Every structure is written in structure tokens, then in C-alpha cells.
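Engineer: Sharing a structure below in C-alpha cells format, with a few things to ask.
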Amino acid sequence: MKTETRTIAAEFLGTLLLVFFAVGAAVLAGEYITAIGIALAFGFTLLALAYALGPISGCHVNPAVTLGMLVARRITLRTAIEYWVAQLLGGIVGAALLFLLAKQVPGLKTSGAFGSNGYGDRSAVHINMGGAFLAEVVLTFLLVFVVLAVTHKVAVTGFDGLPIGLALATIHLIGIPLTGTSVNPARSLGPAIFAGTAALSQLWLFILAPLVGGVLAALAHRLTHPAVNVRVPEVVVASVATEES
């Protein structure tokens, strides 16, 4: 299989699994594991995926992380676009599989929330639109900044996945009462499609705010971390070489 195909497949599969298992924790088991359990589900799932897929694609599984990598000049625009398409499709398919499973549980409501994000009356604390936007920008900033800071390269390798997983879990502990925590446009898109009109009407914020946070994190990383020789995995090198040929 071509290297480019492998990386795209890894981003598709990784995002699919993140949505199915982590959002699934909220949809299927939220009342049993509470917000702490949901936060850990997101963190542990990303940690596992980082080890499984990090050496292949970098395990971005998040358009905001990919945008941060693009602004940091670690990937090309073509690679970023391919990753974004794979991630968005993965999020939709993951949510579709979760929706299918949820329909097999008698009495489980799938319309309205379904692990989607929201503000106003769709927020547990009724945070307003401005507050939700600020929260998503800051929370995404932390995630993307940590990814850029601990990797100094394209892929997640070695123990890089540990601080990233811990950061995502911490982010969800703070963000779940506020917006349900997006920090990932692909994670928000899939569930919103199946949650209904109210979720879709607010989806724009959970696409735009994480992308803004990702850009700001990349710019901040330039200031706090001096330029280094970036170690790029062989699969990514091969992908870039294919693009340039």
C-alpha cells in the first residue's frame, strides 16, 4: 500500500475510533461513569491511538492539530487537506456507527444531545456564545500546543502520547460542563449530524473556535520553542517526496 494511502487511512480510522469510543462513552455510559469517566475515555482513547497510529500519520485525528502542524510548517498544504478530508469523514462514519449501536439500546434517546457540543440552553452551565467560543479557543490551544511541544516532529512516537492523552483528559474535565468539549471539528461534526437541528445550528462555533485555537498555539510555539531539526518519520518523508515528484 502506498505511503500516502496509509497515512490517510490512519487518520480516517483514528478519528472514527476516537468518536465511536470517546463520544460513545458519553452517549452510552455517561450516567454511569460521569464527567470524570468521559474525560478519561477521551484521554485514554487518544493515548492508545497515539501509540497505534502515531508512527504512521502522526495521529492528528483532529483538524485543529493538523492546522497547527501546517502553520508550524511540519506538513504541506496538500497533506493537510488530505488529512482534513479523512478526519471529517472518519468523524461522520464513527458517529454513524455509534448511532446504529445506540438504536439497539431500548429507551436510549439519540436526538437532541447525542454527544454533540453546545452553548446557551445546550450547555450544562448555560454558557453564552462568547464564553463558549473563548473556552474552545483556549482549550484547543492547550491541546495543540502540547502536541507541538512534545513532538518537535510530525509523528507521535515514544512517550509523546502520554502528555497528549493527559492534556485531552484535563481539557474535558474543564470543558464538559461548559460546551461538552469539542477542541476537534471532526469530533463535533459527526455527532451533530445525528443530534438534529439544534446541534447543527451551533456547529459553526465548534469548527471555527478550535481552528483559531490551533493557529494561536502554533504561533505561540514559535515564540517559546526555538527552531530545531525536525525528525520526520520515513512514511511522512516518502509522502512528501511523492508530492514533490
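Engineer: Is it fair to say SER182 is at pLDDT 95 or above and either among the hydroxyl-bearing types (Ser, Thr, Tyr) or surrounded by fewer than 16 Cβ atoms within 10 Å (Cβ to Cβ) (or both)? Walk me through it before giving the result.
Structural biologist: Numbers: at pLDDT 95 or above: yes; either among the hydroxyl-bearing types (Ser, Thr, Tyr) or surrounded by fewer than 16 Cβ atoms within 10 Å (Cβ to Cβ) (or both): yes.
Yes: the conditions hold for SER182.
Engineer: For residues that are in a loop (DSSP other than H, G, I, E, B) and of a type outside the set (Gly, Ala, Ser), scanning just the stretch 39-89, find the one that is nearest to PHE21 (Cα to Cα). I'd like the intermediate steps shown before the answer.
Structural biologist: Restricting attention to the stretch 39-89, the residues satisfying the condition of being in a loop (DSSP other than H, G, I, E, B) are 58-62, 72-76.
Filter once more, so that each one left must be of a type outside the set (Gly, Ala, Ser): 59-62, 73-76.
Values: CYS59: 16, HIS60: 16, VAL61: 13, ASN62: 15, ARG73: 31, ARG74: 29, ILE75: 28, THR76: 30 Å.
Among residues in the stretch 39-89 that are in a loop (DSSP other than H, G, I, E, B) and of a type outside the set (Gly, Ala, Ser), the one nearest to PHE21 (Cα to Cα) is VAL61.
Engineer: Please indicate, with yes or no, whether at least one residue in the stretch 127-146 is farther than 26 Å from ARG222 by Cα, of a type in the set (A, V, I, L, M), in contact (Cβ under 8 Å) with a residue 12 or more places away in the chain and not in a helix (DSSP H, G or I).
Structural biologist: Residues of the stretch 127-146 farther than 26 Å from ARG222 by Cα: 127-132.
Imposing the further condition that a residue be of a type in the set (A, V, I, L, M) reduces the set to 127, 129, 132.
If we keep only those that are in contact (Cβ under 8 Å) with a residue 12 or more places away in the chain as well, we get 127, 129, 132.
Going one step further and asking which of them are not in a helix (DSSP H, G or I), we end up with 127.
Looking for residues that are farther than 26 Å from ARG222 by Cα, of a type in the set (A, V, I, L, M), in contact (Cβ under 8 Å) with a residue 12 or more places away in the chain and not in a helix (DSSP H, G or I), one finds at least one in the stretch 127-146, hence yes.
Engineer: Could you tell me whether the stretch 117-135 includes any residue that is closer than 23 Å to GLY165 by Cα and touching a Lys or Arg at 6+ places or on another chain (Cβ under 9 Å)?
Structural biologist: Yes, that holds for at least one residue.
Engineer: Could you go through the stretch 208-218 and let me know if any residue there is surrounded by fewer than 17 Cβ atoms within 10 Å (Cβ to Cβ) and modelled with pLDDT under 95.
Structural biologist: Looking for residues that are surrounded by fewer than 17 Cβ atoms within 10 Å (Cβ to Cβ) and modelled with pLDDT under 95, one finds none in the stretch 208-218, hence no.
Engineer: How do the pairs read when you match residues in the stretch 1-23 that are over 23 Å from THR181 (Cα atoms) with residues anywhere that are crowded, with 21+ Cβ neighbours inside 10 Å and hydroxyl-bearing (Ser, Thr, Tyr), using Cβ under 7 Å and keeping only pairs 6 or more apart or on different chains?
Structural biologist: Filtered contacts from the stretch 1-23: THR3/SER239; GLU4/SER239; THR7/SER57; THR7/SER239; ALA10/SER57.
Engineer: Follow-up question, since we're still on this one. Search the stretch 173-217 for residues being of a type in the set (A, V, I, L, M) and under 12 Å from the mean Cα position of the chain (by Cα), and hand back the single one that is farthest from ILE81 (Cα to Cα). Before the answer, list the steps.
Structural biologist: Just the residues of the stretch 173-217 that are of a type in the set (A, V, I, L, M), to begin with: 173-174, 176, 178, 183, 186, 189, 192-193, 195, 198-200, 203, 205, 207-209, 211-212, 215-217.
In the following step, the residues that additionally are under 12 Å from the mean Cα position of the chain (by Cα) were identified as 183, 186, 189, 207, 211.
Details: VAL183: 18, ALA186: 13, LEU189: 17, ILE207: 15, LEU211: 14 Å.
Here the answer is VAL183.
Engineer: For the stretch 106-121, enumerate the residues that are surrounded by fewer than 19 Cβ atoms within 10 Å (Cβ to Cβ), modelled with pLDDT of 95 or more and in a loop (DSSP other than H, G, I, E, B).
Structural biologist: none
Engineer: Can you tell me which of (1) within 14 Å of the chain's Cα centre (by Cα); (2) over 23 Å from ALA199 (Cβ atoms) is the one THR79 doesn't meet?
Structural biologist: Exception for THR79: condition (1).
Engineer: Turning to a different aspect of this structure: Do you know which residues across the stretch 1-39 are surrounded by fewer than 20 Cβ atoms within 10 Å (Cβ to Cβ) and within 26 Å of ALA113 (Cβ to Cβ)?
Structural biologist: To start, the set of residues in the stretch 1-39 that are surrounded by fewer than 20 Cβ atoms within 10 Å (Cβ to Cβ) comprises 1-6, 9, 21, 28-37.
Result: PHE21, LEU28, ALA29, GLY30, GLU31, TYR32, ILE33, THR34, ALA35, ILE36, GLY37.
Engineer: So, one more: Can you tell me which condition ALA124 does not meet? The list is (1) surrounded by fewer than 15 Cβ atoms within 10 Å (Cβ to Cβ); (2) in contact with a Pro (Cβ under 6 Å, 6 or more places away or on another chain); (3) under 24 Å from PHE12 (Cβ atoms), and all the others hold.
Structural biologist: (3)
The values are calculated or read from the model by the stated rules, or taken from the named source; none is laboratory data. Everything numeric in this text was worked out from a predicted model, so none of it was measured. Glycine also receives a Cβ, built like all others from the backbone with ideal geometry; neighbour counts cover every protein chain displayed.
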